[in-house]
Amino acid sequence: MIHDKKFLENMKKILMVAALCCLTATAKAQDVFKLLLQDAKTVAEDKSKDIETRKIATFKYDELSYMAMQVRDDVLRDSTDLDFFNKTVAMLNEQSFAMHEFLNFYLERLGASKKKEDRDVVMTVFRNASINYPLFNDMDKELVLSYYDNENYITRFSLDTNWVKALAVVKQWKW
């Protein structure tokens, strides 16, 4: 019986260490999302930056906030399911990074386009990739298309975008 008690105590310690490792991994995954969110907010509020840079940062901040808002209710509903929480955080992390890469590639392609016709092609390809690959299938089109329909922003993309898929599409395009 003493042997069983010792075994159980050791197992509890091992489980506690494993739980702490999981929490650490979760925190690191959230760090990418939080870092991109904080960076976007800082740039958007920095009046020393040019207006276009601030508008791009505003889009990033709004997009990241939108993604977090879309998963919030599911996470709260299943708050005791650590596996679900970790998968959700990993998805947010992956989507956030893909969105960041998508925008960087978009701005790179746009900058490399010297003719108006070429810039129009770049915008069309990226906008189509954004609208054709929704992540949440959100029916609130006014919100989802708030940037897509706004000619005052260079980032005219849908908020409801699967950025991983959209990035893959634009990377395959024959530039």
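Assorted remarks:
- Ratio of the Cα radius of gyration of region 45-153 to 2.2 N^0.38 Å, where N counts its residues: 1.24
- Amide H within-cut-off set for Asn162, under 5 Å, with H built and near neighbours excluded: Tyr133, Leu135
- Restricting region 115-169 to trypsin sites (Lys or Arg not before Pro) that sit in a DSSP loop and have at most 13 other Cβ atoms within 10 Å of their own Cβ leaves Lys115.
- Separation of region 38-91 from region 116-175 is 17 Å, based on Cα centroids.
No value in this document is a laboratory result; all are computed from the given coordinates. Predicted model, so just to flag it, every value in this text is computed and none were measured. FYI the Cβ positions are ideal-geometry reconstructions off the backbone, even for glycines, and counts take in every protein chain you see.
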